[in-house]
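The values are calculated or read from the model by the stated rules, or taken from the named source; none is laboratory data. No experiment lies behind these values; they were computed from the predicted model shown. Here the Cβ positions follow ideal geometry from the backbone for every residue, glycine too, while neighbour counts run over all protein chains shown.
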Amino acid sequence: MVIVGASLAGLSAAQTLRENGFGGRITLVGDEPYPPYDRPPLSKRVLTGRLSADATGLPRHTDLDASWRLGNAAVGLDRAAGTVTLSDGEVIGYDKLLIATGTRARRWPHAEQAAIDGVFSIRTRDDARALQARLAARPKRVLVIGAGFMGSEVASVCRELGLDVTVVERGPAPMLAALGGPAALAAGRLQRRHGVDLRTRTSVQALEGDAAGRLRRARLSGGEVLDVELAVVALGAERNTEWLDGAGLTLDARGVHCDPYCRAIGADGRPADDLLVAGDVACWPHPLYEDGPLAVEHWDNAVRQARVAALTMHRGPVCAHTTLPTFWSNQFGVNIKVVGVPSHADQVAVVQGAAAKPGFVAVYGRRGRVIAALAVNAPRSLDAYAALINVRAAFPPELNATDAPDPVQVLDTGVPTPGQVTHRPAAAGT
Ligand SMILES: Cc1cc2nc3c(=O)[nH]c(=O)nc-3n(C[C@H](O)[C@H](O)[C@H](O)COP(=O)(O)OP(=O)(O)OC[C@H]3O[C@@H](n4cnc5c(N)ncnc54)[C@H](O)[C@@H]3O)c2cc1C
(Lines give C-alpha, C1' and ligand atoms only; values in the text may rest on other atoms or scores of the structure.)
Protein backbone atom coordinates (compact mmCIF):
# COMPACT_ATOMS: atom_id res chain seq x y z
CA MET A 1 0.00 0.00 0.00
CA VAL A 2 1.42 3.41 -0.93
CA ILE A 3 0.04 6.55 0.71
CA VAL A 4 0.93 9.92 -0.81
CA GLY A 5 0.48 12.76 1.70
CA ALA A 6 1.99 12.02 5.13
CA SER A 7 -0.38 14.08 7.24
CA LEU A 8 -3.68 13.60 9.05
CA ALA A 9 -5.51 11.55 6.40
CA GLY A 10 -2.41 9.60 5.40
CA LEU A 11 -1.53 8.65 8.97
CA SER A 12 -5.16 7.77 9.82
CA ALA A 13 -5.33 5.46 6.81
CA ALA A 14 -2.04 3.75 7.71
CA GLN A 15 -3.22 3.22 11.29
CA THR A 16 -6.52 1.79 10.12
CA LEU A 17 -4.76 -0.63 7.80
CA ARG A 18 -2.66 -2.01 10.65
CA GLU A 19 -5.57 -2.03 13.14
CA ASN A 20 -7.51 -4.14 10.65
CA GLY A 21 -4.75 -6.70 10.32
CA PHE A 22 -3.06 -5.63 7.11
CA GLY A 23 0.36 -7.25 7.34
CA GLY A 24 1.90 -6.19 4.02
CA ARG A 25 4.11 -3.22 3.20
CA ILE A 26 3.01 0.37 3.75
CA THR A 27 4.96 3.30 2.28
CA LEU A 28 4.14 6.88 3.24
CA VAL A 29 5.32 9.68 0.96
CA GLY A 30 5.29 13.30 2.18
CA ASP A 31 6.78 16.44 0.68
CA GLU A 32 7.21 18.06 4.10
CA PRO A 33 10.32 17.08 6.08
CA TYR A 34 8.29 16.29 9.23
CA PRO A 35 6.40 13.21 10.41
CA PRO A 36 2.61 13.86 10.50
CA TYR A 37 1.59 16.81 12.66
CA ASP A 38 -1.65 18.51 13.57
CA ARG A 39 -2.67 21.76 11.84
CA PRO A 40 -5.55 23.20 13.97
CA PRO A 41 -3.23 24.37 16.78
CA LEU A 42 -1.09 26.25 14.24
CA SER A 43 -3.53 29.15 13.89
CA LYS A 44 -4.42 29.10 17.60
CA ARG A 45 -2.05 28.11 20.43
CA VAL A 46 1.09 28.05 18.28
CA LEU A 47 0.57 31.65 17.13
CA THR A 48 0.01 32.87 20.67
CA GLY A 49 3.31 31.22 21.64
CA ARG A 50 1.65 28.91 24.19
CA LEU A 51 2.51 25.78 22.18
CA SER A 52 5.71 25.20 20.23
CA ALA A 53 5.24 24.43 16.53
CA ASP A 54 7.46 21.38 17.13
CA ALA A 55 5.04 20.03 19.75
CA THR A 56 2.17 19.46 17.29
CA GLY A 57 3.10 15.92 16.20
CA LEU A 58 0.13 13.60 15.74
CA PRO A 59 0.02 10.65 18.15
CA ARG A 60 0.47 7.14 16.75
CA HIS A 61 -1.79 4.53 18.30
CA THR A 62 -0.25 1.54 16.56
CA ASP A 63 3.15 0.39 15.39
CA LEU A 64 2.91 1.28 11.73
CA ASP A 65 6.02 -0.59 10.61
CA ALA A 66 5.98 1.64 7.53
CA SER A 67 8.59 2.92 5.09
CA TRP A 68 8.72 6.71 5.11
CA ARG A 69 9.76 8.99 2.25
CA LEU A 70 9.68 12.44 3.84
CA GLY A 71 10.81 15.67 2.21
CA ASN A 72 10.11 13.96 -1.10
CA ALA A 73 7.12 14.92 -3.27
CA ALA A 74 5.23 12.63 -5.60
CA VAL A 75 5.57 14.21 -9.03
CA GLY A 76 3.80 11.73 -11.29
CA LEU A 77 1.42 8.79 -11.34
CA ASP A 78 1.55 6.06 -14.01
CA ARG A 79 -1.62 4.05 -13.61
CA ALA A 80 -0.80 1.53 -16.33
CA ALA A 81 2.53 0.68 -14.70
CA GLY A 82 1.14 1.04 -11.16
CA THR A 83 3.94 3.38 -10.11
CA VAL A 84 4.44 6.75 -8.42
CA THR A 85 7.51 8.84 -9.27
CA LEU A 86 9.09 10.96 -6.53
CA SER A 87 10.96 14.25 -6.85
CA ASP A 88 14.31 12.53 -6.19
CA GLY A 89 13.68 10.17 -9.12
CA GLU A 90 12.67 7.09 -7.10
CA VAL A 91 9.86 5.08 -8.68
CA ILE A 92 7.62 3.20 -6.22
CA GLY A 93 5.29 0.42 -7.33
CA TYR A 94 1.93 0.00 -5.65
CA ASP A 95 -0.90 -2.49 -5.45
CA LYS A 96 -3.19 0.15 -3.93
CA LEU A 97 -2.48 3.88 -3.76
CA LEU A 98 -4.09 6.44 -1.45
CA ILE A 99 -4.12 10.06 -2.62
CA ALA A 100 -4.07 12.23 0.54
CA THR A 101 -2.20 15.32 -0.59
CA GLY A 102 -4.58 17.84 0.98
CA THR A 103 -4.49 21.52 0.16
CA ARG A 104 -2.13 24.48 0.34
CA ALA A 105 -2.83 28.09 1.27
CA ARG A 106 -3.93 30.23 -1.66
CA ARG A 107 -1.16 32.80 -2.19
CA TRP A 108 -1.53 36.54 -2.64
CA PRO A 109 -2.11 36.78 -6.41
CA HIS A 110 0.64 39.32 -7.17
CA ALA A 111 3.89 37.38 -6.93
CA GLU A 112 6.18 40.39 -6.38
CA GLN A 113 3.94 41.68 -3.56
CA ALA A 114 3.68 38.19 -2.05
CA ALA A 115 7.49 38.14 -1.86
CA ILE A 116 7.67 41.29 0.32
CA ASP A 117 9.17 40.57 3.73
CA GLY A 118 6.25 40.53 6.17
CA VAL A 119 3.61 38.89 3.92
CA PHE A 120 2.57 35.52 5.33
CA SER A 121 0.09 32.74 4.83
CA ILE A 122 -0.47 29.82 7.15
CA ARG A 123 -0.77 26.16 6.30
CA THR A 124 2.36 24.44 7.56
CA ARG A 125 4.32 24.13 10.77
CA ASP A 126 7.08 26.29 9.23
CA ASP A 127 4.52 29.00 8.28
CA ALA A 128 3.20 29.07 11.85
CA ARG A 129 6.67 29.14 13.41
CA ALA A 130 7.74 32.08 11.23
CA LEU A 131 4.51 34.01 11.77
CA GLN A 132 4.62 33.45 15.54
CA ALA A 133 8.12 34.92 15.66
CA ARG A 134 6.94 38.04 13.81
CA LEU A 135 3.91 38.45 16.06
CA ALA A 136 6.14 38.11 19.12
CA ALA A 137 8.23 41.01 17.76
CA ARG A 138 5.09 43.16 18.25
CA PRO A 139 4.44 44.75 14.86
CA LYS A 140 2.61 48.09 15.01
CA ARG A 141 -0.35 46.83 12.99
CA VAL A 142 -1.23 43.46 11.48
CA LEU A 143 -3.35 43.24 8.35
CA VAL A 144 -5.42 40.11 7.84
CA ILE A 145 -6.69 39.69 4.29
CA GLY A 146 -9.87 37.60 4.29
CA ALA A 147 -12.23 37.00 7.21
CA GLY A 148 -12.89 33.30 6.77
CA PHE A 149 -12.16 30.93 9.67
CA MET A 150 -8.41 31.21 9.29
CA GLY A 151 -8.36 34.99 9.06
CA SER A 152 -10.73 35.31 12.01
CA GLU A 153 -8.60 32.98 14.15
CA VAL A 154 -5.45 34.96 13.32
CA ALA A 155 -7.25 38.21 14.21
CA SER A 156 -8.33 36.66 17.50
CA VAL A 157 -4.72 35.73 18.31
CA CYS A 158 -3.57 39.26 17.48
CA ARG A 159 -6.06 40.74 19.94
CA GLU A 160 -5.13 38.17 22.57
CA LEU A 161 -1.52 39.36 22.16
CA GLY A 162 -2.67 42.97 22.44
CA LEU A 163 -1.73 43.78 18.83
CA ASP A 164 -3.62 46.20 16.60
CA VAL A 165 -5.20 44.29 13.75
CA THR A 166 -7.20 45.28 10.68
CA VAL A 167 -9.24 42.58 8.95
CA VAL A 168 -10.23 43.33 5.35
CA GLU A 169 -13.08 41.27 3.96
CA ARG A 170 -14.73 41.86 0.60
CA GLY A 171 -18.04 40.30 1.68
CA PRO A 172 -20.51 41.86 4.14
CA ALA A 173 -19.45 39.84 7.22
CA PRO A 174 -16.81 37.38 8.46
CA MET A 175 -17.27 33.68 7.66
CA LEU A 176 -20.41 34.42 5.66
CA ALA A 177 -20.08 31.46 3.31
CA ALA A 178 -19.51 29.05 6.18
CA LEU A 179 -22.08 30.37 8.68
CA GLY A 180 -24.73 32.32 6.80
CA GLY A 181 -25.96 35.85 7.44
CA PRO A 182 -27.19 36.07 11.05
CA ALA A 183 -24.27 34.15 12.56
CA ALA A 184 -21.75 35.93 10.33
CA LEU A 185 -23.09 39.32 11.40
CA ALA A 186 -22.86 38.19 15.04
CA ALA A 187 -19.23 37.17 14.38
CA GLY A 188 -18.56 40.65 12.99
CA ARG A 189 -20.00 42.26 16.10
CA LEU A 190 -17.88 39.96 18.27
CA GLN A 191 -14.71 40.92 16.40
CA ARG A 192 -15.40 44.62 16.73
CA ARG A 193 -16.22 44.24 20.45
CA HIS A 194 -12.77 42.71 20.86
CA GLY A 195 -11.12 45.66 19.19
CA VAL A 196 -10.62 44.33 15.65
CA ASP A 197 -10.67 47.04 12.98
CA LEU A 198 -12.97 45.05 10.68
CA ARG A 199 -13.49 46.47 7.18
CA THR A 200 -16.21 44.62 5.30
CA ARG A 201 -17.17 45.16 1.64
CA THR A 202 -13.54 46.21 1.19
CA SER A 203 -10.63 44.60 -0.60
CA VAL A 204 -6.89 45.04 -0.51
CA GLN A 205 -5.70 46.40 -3.84
CA ALA A 206 -1.95 46.34 -3.28
CA LEU A 207 0.74 45.61 -0.71
CA GLU A 208 3.79 47.88 -0.74
CA GLY A 209 7.26 47.49 0.75
CA ASP A 210 10.01 49.98 1.56
CA ALA A 211 13.42 50.22 -0.10
CA ALA A 212 14.67 47.36 2.10
CA GLY A 213 11.83 45.14 0.87
CA ARG A 214 9.88 45.18 4.17
CA LEU A 215 6.12 45.54 4.20
CA ARG A 216 5.00 49.10 4.97
CA ARG A 217 1.58 49.85 3.44
CA ALA A 218 -1.61 48.35 2.08
CA ARG A 219 -3.88 50.13 -0.38
CA LEU A 220 -7.58 49.41 0.14
CA SER A 221 -10.39 49.51 -2.40
CA GLY A 222 -11.86 52.75 -0.96
CA GLY A 223 -8.55 54.53 -1.66
CA GLU A 224 -7.37 54.43 1.97
CA VAL A 225 -3.73 53.60 2.66
CA LEU A 226 -2.96 51.62 5.84
CA ASP A 227 0.43 51.51 7.54
CA VAL A 228 1.09 47.83 8.25
CA GLU A 229 4.17 45.80 9.13
CA LEU A 230 2.72 42.33 8.80
CA ALA A 231 0.05 40.91 6.48
CA VAL A 232 -1.54 37.49 6.75
CA VAL A 233 -3.12 36.31 3.51
CA ALA A 234 -6.11 34.14 4.46
CA LEU A 235 -7.82 33.60 1.12
CA GLY A 236 -8.68 29.92 1.38
CA ALA A 237 -6.94 26.88 0.00
CA GLU A 238 -6.11 25.15 -3.27
CA ARG A 239 -5.94 21.40 -3.74
CA ASN A 240 -2.62 19.66 -4.31
CA THR A 241 -3.49 17.73 -7.45
CA GLU A 242 -0.88 18.88 -9.99
CA TRP A 243 1.12 15.66 -9.59
CA LEU A 244 -1.94 13.80 -10.92
CA ASP A 245 -2.16 15.76 -14.17
CA GLY A 246 -2.43 13.41 -17.12
CA ALA A 247 -3.26 10.40 -14.89
CA GLY A 248 -6.78 10.08 -16.31
CA LEU A 249 -8.68 10.98 -13.14
CA THR A 250 -11.71 13.23 -12.69
CA LEU A 251 -10.44 16.27 -10.83
CA ASP A 252 -11.21 19.97 -10.65
CA ALA A 253 -11.00 22.86 -8.16
CA ARG A 254 -13.01 20.79 -5.63
CA GLY A 255 -10.36 18.08 -5.70
CA VAL A 256 -10.14 14.48 -6.87
CA HIS A 257 -13.62 13.02 -7.33
CA CYS A 258 -14.26 9.71 -5.64
CA ASP A 259 -17.20 7.44 -4.87
CA PRO A 260 -18.59 6.88 -1.33
CA TYR A 261 -16.02 4.08 -0.86
CA CYS A 262 -13.24 6.60 -1.61
CA ARG A 263 -12.34 5.03 -4.97
CA ALA A 264 -11.03 7.68 -7.38
CA ILE A 265 -13.24 8.29 -10.37
CA GLY A 266 -11.41 7.83 -13.67
CA ALA A 267 -11.88 10.13 -16.66
CA ASP A 268 -14.24 7.42 -18.00
CA GLY A 269 -16.52 8.00 -14.98
CA ARG A 270 -15.74 4.60 -13.41
CA PRO A 271 -14.24 4.09 -9.93
CA ALA A 272 -10.70 2.69 -9.86
CA ASP A 273 -10.27 -0.17 -7.36
CA ASP A 274 -6.56 0.49 -6.86
CA LEU A 275 -6.73 4.28 -6.40
CA LEU A 276 -8.25 5.79 -3.26
CA VAL A 277 -8.72 9.40 -2.14
CA ALA A 278 -9.27 10.92 1.32
CA GLY A 279 -9.14 14.18 3.26
CA ASP A 280 -9.03 17.76 2.03
CA VAL A 281 -8.05 16.71 -1.50
CA ALA A 282 -11.17 14.56 -2.00
CA CYS A 283 -14.71 15.34 -3.08
CA TRP A 284 -17.48 12.77 -3.10
CA PRO A 285 -21.27 12.35 -3.33
CA HIS A 286 -22.88 12.58 0.11
CA PRO A 287 -26.40 11.16 0.30
CA LEU A 288 -27.67 14.15 2.31
CA TYR A 289 -26.22 16.86 0.05
CA GLU A 290 -27.49 16.38 -3.45
CA ASP A 291 -26.13 19.52 -5.13
CA GLY A 292 -23.02 17.82 -6.42
CA PRO A 293 -19.89 16.38 -4.85
CA LEU A 294 -19.02 17.57 -1.36
CA ALA A 295 -15.55 18.96 -0.65
CA VAL A 296 -14.80 19.31 3.07
CA GLU A 297 -11.64 20.85 4.51
CA HIS A 298 -12.02 19.77 8.12
CA TRP A 299 -10.08 17.63 10.56
CA ASP A 300 -12.86 15.20 11.46
CA ASN A 301 -13.66 14.44 7.82
CA ALA A 302 -10.01 13.77 6.99
CA VAL A 303 -9.82 11.13 9.74
CA ARG A 304 -13.13 9.44 8.98
CA GLN A 305 -12.74 9.43 5.22
CA ALA A 306 -9.21 8.03 5.54
CA ARG A 307 -10.56 5.17 7.66
CA VAL A 308 -13.09 4.30 4.96
CA ALA A 309 -10.42 4.55 2.26
CA ALA A 310 -8.17 2.18 4.23
CA LEU A 311 -10.97 -0.35 4.62
CA THR A 312 -11.62 -0.20 0.87
CA MET A 313 -7.90 -0.68 0.21
CA HIS A 314 -7.80 -3.72 2.47
CA ARG A 315 -11.18 -5.38 1.97
CA GLY A 316 -12.84 -3.76 -1.03
CA PRO A 317 -15.95 -1.53 -1.03
CA VAL A 318 -17.62 -2.68 2.21
CA CYS A 319 -18.18 0.57 4.08
CA ALA A 320 -19.35 3.92 2.62
CA HIS A 321 -18.30 7.35 3.84
CA THR A 322 -21.56 8.96 4.87
CA THR A 323 -20.70 10.67 8.16
CA LEU A 324 -21.89 14.21 8.63
CA PRO A 325 -19.17 16.84 8.30
CA THR A 326 -18.40 18.59 11.58
CA PHE A 327 -15.84 21.18 12.57
CA TRP A 328 -14.95 23.56 15.34
CA SER A 329 -13.14 26.82 15.81
CA ASN A 330 -12.07 28.82 18.87
CA GLN A 331 -11.83 32.58 18.53
CA PHE A 332 -12.33 35.61 20.76
CA GLY A 333 -13.01 33.33 23.71
CA VAL A 334 -15.92 31.70 21.88
CA ASN A 335 -16.31 28.06 20.87
CA ILE A 336 -17.94 27.59 17.46
CA LYS A 337 -19.08 24.12 16.45
CA VAL A 338 -20.85 23.16 13.24
CA VAL A 339 -22.47 19.95 12.06
CA GLY A 340 -23.62 19.49 8.46
CA VAL A 341 -22.95 21.95 5.64
CA PRO A 342 -24.39 25.44 6.28
CA SER A 343 -23.05 26.72 2.95
CA HIS A 344 -25.62 24.55 1.13
CA ALA A 345 -28.53 26.11 3.05
CA ASP A 346 -30.94 28.75 1.82
CA GLN A 347 -32.61 29.45 5.18
CA VAL A 348 -31.52 29.70 8.80
CA ALA A 349 -33.26 30.07 12.15
CA VAL A 350 -31.87 30.72 15.60
CA VAL A 351 -33.60 28.05 17.69
CA GLN A 352 -31.92 28.43 21.07
CA GLY A 353 -30.69 31.64 22.67
CA ALA A 354 -30.17 34.71 20.49
CA ALA A 355 -27.46 35.59 17.97
CA ALA A 356 -26.84 38.82 19.89
CA LYS A 357 -26.07 36.85 23.09
CA PRO A 358 -22.88 34.89 23.97
CA GLY A 359 -24.43 31.44 23.38
CA PHE A 360 -26.93 30.28 20.74
CA VAL A 361 -27.84 27.48 18.35
CA ALA A 362 -28.86 28.08 14.72
CA VAL A 363 -30.37 25.49 12.41
CA TYR A 364 -29.99 25.64 8.62
CA GLY A 365 -32.48 24.44 6.03
CA ARG A 366 -32.61 23.72 2.35
CA ARG A 367 -35.81 23.05 0.45
CA GLY A 368 -37.66 22.52 3.73
CA ARG A 369 -35.19 20.05 5.32
CA VAL A 370 -32.70 20.51 8.16
CA ILE A 371 -29.18 20.24 6.71
CA ALA A 372 -26.86 21.86 9.28
CA ALA A 373 -26.61 23.35 12.76
CA LEU A 374 -24.27 25.76 14.47
CA ALA A 375 -23.63 25.94 18.21
CA VAL A 376 -21.87 28.95 19.69
CA ASN A 377 -20.67 28.17 23.23
CA ALA A 378 -23.07 25.23 23.33
CA PRO A 379 -21.13 22.32 21.76
CA ARG A 380 -22.97 19.50 23.53
CA SER A 381 -26.33 20.38 22.05
CA LEU A 382 -25.22 19.48 18.54
CA ASP A 383 -25.73 15.70 18.76
CA ALA A 384 -29.49 16.16 18.80
CA TYR A 385 -29.31 18.38 15.73
CA ALA A 386 -27.09 15.89 13.91
CA ALA A 387 -29.88 13.35 14.40
CA LEU A 388 -32.36 15.77 12.81
CA ILE A 389 -30.07 16.21 9.80
CA ASN A 390 -29.62 12.46 9.40
CA VAL A 391 -33.39 11.82 9.31
CA ARG A 392 -33.95 14.81 6.96
CA ALA A 393 -36.26 16.45 9.49
CA ALA A 394 -38.55 19.23 8.30
CA PHE A 395 -37.20 22.79 8.48
CA PRO A 396 -37.80 24.78 10.62
CA PRO A 397 -37.84 22.01 13.25
CA GLU A 398 -40.40 22.11 16.04
CA LEU A 399 -38.18 21.77 19.10
CA ASN A 400 -39.92 23.74 21.82
CA ALA A 401 -36.60 24.36 23.56
CA THR A 402 -37.03 26.25 26.82
CA ASP A 403 -34.57 28.91 25.61
CA ALA A 404 -36.11 29.22 22.12
CA PRO A 405 -36.81 32.74 20.86
CA ASP A 406 -40.50 33.53 20.59
CA PRO A 407 -41.29 33.46 17.73
CA VAL A 408 -38.53 31.53 15.93
CA GLN A 409 -37.66 33.65 12.90
CA VAL A 410 -36.70 32.03 9.60
CA LEU A 411 -34.26 34.15 7.56
CA ASP A 412 -32.42 33.83 4.24
CA THR A 413 -28.83 32.74 4.83
CA GLY A 414 -27.48 35.28 2.35
CA VAL A 415 -24.76 32.77 1.43
CA PRO A 416 -23.50 33.47 -2.08
CA THR A 417 -24.20 30.58 -4.45
CA PRO A 418 -21.14 29.25 -6.27
CA GLY A 419 -20.33 31.53 -9.21
CA GLN A 420 -22.30 34.46 -7.80
CA VAL A 421 -20.39 37.76 -7.95
CA THR A 422 -19.64 38.83 -4.37
CA HIS A 423 -17.90 42.11 -5.18
CA ARG A 424 -17.54 44.59 -8.02
CA PRO A 425 -14.11 44.26 -9.58
CA ALA A 426 -12.41 47.56 -10.36
CA ALA A 427 -11.52 47.91 -14.05
CA ALA A 428 -9.12 50.38 -15.58
CA GLY A 429 -8.81 51.08 -19.29
CA THR A 430 -5.29 50.62 -20.58
C1 LIG B 1 -3.86 26.55 10.34
C2 LIG B 1 -4.99 25.55 10.22
C3 LIG B 1 -5.98 25.49 11.19
C4 LIG B 1 -7.02 24.56 11.08
N5 LIG B 1 -7.98 24.52 12.05
C6 LIG B 1 -8.98 23.63 11.95
C7 LIG B 1 -9.99 23.56 12.94
O8 LIG B 1 -9.99 24.34 13.90
N9 LIG B 1 -10.98 22.63 12.80
C10 LIG B 1 -11.02 21.77 11.73
O11 LIG B 1 -11.94 20.95 11.63
N12 LIG B 1 -10.07 21.81 10.77
C13 LIG B 1 -9.07 22.72 10.85
N14 LIG B 1 -8.10 22.76 9.88
C15 LIG B 1 -8.20 21.85 8.73
C16 LIG B 1 -7.51 20.49 8.99
O17 LIG B 1 -6.23 20.67 9.52
C18 LIG B 1 -7.45 19.76 7.65
O19 LIG B 1 -8.77 19.42 7.31
C20 LIG B 1 -6.57 18.51 7.70
O21 LIG B 1 -5.23 18.85 7.92
C22 LIG B 1 -6.68 17.74 6.39
O23 LIG B 1 -5.81 16.65 6.43
P24 LIG B 1 -5.25 16.00 5.07
O25 LIG B 1 -4.33 14.94 5.52
O26 LIG B 1 -6.36 15.69 4.17
O27 LIG B 1 -4.45 17.19 4.34
P28 LIG B 1 -3.19 18.00 4.79
O29 LIG B 1 -3.16 18.15 6.27
O30 LIG B 1 -3.16 19.21 3.93
O31 LIG B 1 -1.96 17.06 4.38
C32 LIG B 1 -1.58 16.79 3.09
C33 LIG B 1 -0.10 16.52 3.10
O34 LIG B 1 0.30 16.10 1.80
C35 LIG B 1 1.48 16.80 1.43
N36 LIG B 1 1.61 16.83 -0.03
C37 LIG B 1 1.01 17.66 -0.91
N38 LIG B 1 1.38 17.38 -2.17
C39 LIG B 1 2.22 16.32 -2.08
C40 LIG B 1 2.92 15.56 -3.06
N41 LIG B 1 2.81 15.79 -4.36
N42 LIG B 1 3.71 14.56 -2.62
C43 LIG B 1 3.83 14.27 -1.30
N44 LIG B 1 3.19 14.98 -0.33
C45 LIG B 1 2.38 15.98 -0.73
C46 LIG B 1 1.26 18.17 2.06
O47 LIG B 1 2.45 18.93 2.14
C48 LIG B 1 0.73 17.76 3.41
O49 LIG B 1 1.77 17.44 4.30
C50 LIG B 1 -7.06 23.70 9.96
C51 LIG B 1 -6.07 23.78 8.96
C52 LIG B 1 -5.05 24.69 9.09
C53 LIG B 1 -3.99 24.79 8.00
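General remarks:
- Given (1) surrounded by 19 or more Cβ atoms within 10 Å (Cβ to Cβ); (2) within 16 Å of the ligand (Cβ to nearest atom), index of the condition residue 70 fails: (1)
- Filtered residue count, the range 201-217, keeping only those that are buried (at least 18 other Cβ atoms within 10 Å of the Cβ) and of a type in the set (S, T, N, Q): 2
- So residue 33, is it surrounded by fewer than 21 Cβ atoms within 10 Å (Cβ to Cβ) and in contact with a strand residue (DSSP E or B) (Cβ under 7 Å, 6 or more places away or on another chain): yes
- The set of residues in the range 42-65 that are assigned to a helix (DSSP H, G or I) and touching a helix residue (DSSP H, G or I) at 6+ places or on another chain (Cβ under 7 Å) comprises 42, 43, 46, 47, 48, 53.
- Residue match in the range 83-92 (condition: hydrophobic (A, V, I, L, M, F, W, C) and assigned to a loop (DSSP other than H, G, I, E, B)): no
- Test: residue in the range 251-261 that is touching a residue at least 60 places away in the same chain (Cβ under 8 Å), more than 16 Å from the ligand (Cβ to nearest atom) and surrounded by 17 or more Cβ atoms within 10 Å (Cβ to Cβ): yes
- Pairs with Cβ under 8 Å, 6+ apart, first in the range 265-277 and modelled with pLDDT of 95 or more, second acidic (Asp, Glu) and crowded, with 18+ Cβ neighbours inside 10 Å: 265/259; 271/259
- Residue within the range 129-147 that is of a type in the set (Gly, Ala, Ser), more than 30 Å from residue 8 (Cα to Cα), within 19 Å of the chain's Cα centre (by Cα) and in the same structural domain as residue 220 (by TED's automatic domain parsing) present: no
- For the range 108-125, residues that are within 11 Å of the ligand (Cβ to nearest atom) and assigned to a helix (DSSP H, G or I) total 1.
- Tally, over the range 364-382, of residues that are in contact with a Gly (Cβ under 7 Å, 6 or more places away or on another chain), more than 13 Å from residue 186 (Cβ to Cβ) and part of a loop (DSSP other than H, G, I, E, B): 1
- Looking only at the range 273-288, and only at residues there that are crowded, with 23+ Cβ neighbours inside 10 Å and of a type in the set (A, V, I, L, M), the one that is farthest from the ligand (Cβ to nearest atom): 275
- Residue 68 satisfies every condition listed in (1) in contact (Cβ under 8 Å) with a residue 40 or more places away in the chain; (2) in contact with a helix residue (DSSP H, G or I) (Cβ under 9 Å, 6 or more places away or on another chain) except (2).
- Hits in the range 76-107 (condition: near the ligand (Cβ under 9 Å from one of its atoms) and of a type in the set (Ser, Thr, Tyr)): 87, 101, 103
- Any pair with Cβ under 7 angstrom, 6 or more apart, that starts in the range 1-29 at a residue that is within 10 Å of residue 62 (Cα to Cα) and of a type in the set (Lys, Arg) and ends at one that is in a loop (DSSP other than H, G, I, E, B) and more than 9 Å from the ligand (Cβ to nearest atom): 18/62; 18/64
- Filter result (farther than 25 Å from residue 20 by Cβ and among the acidic types (Asp, Glu)) within the range 275-309: 290, 291, 297
- Qualifying residue in the range 11-34 (condition: of a type in the set (Asp, Glu), within 11 Å of the ligand (Cβ to nearest atom) and not in a strand (DSSP E or B)): yes
- Residue satisfying all of: in the range 126-144; more than 15 Å from the ligand (Cβ to nearest atom) and in contact (Cβ under 8 Å) with a residue 12 or more places away in the chain; nearest to residue 184 (Cα to Cα) among these: 143
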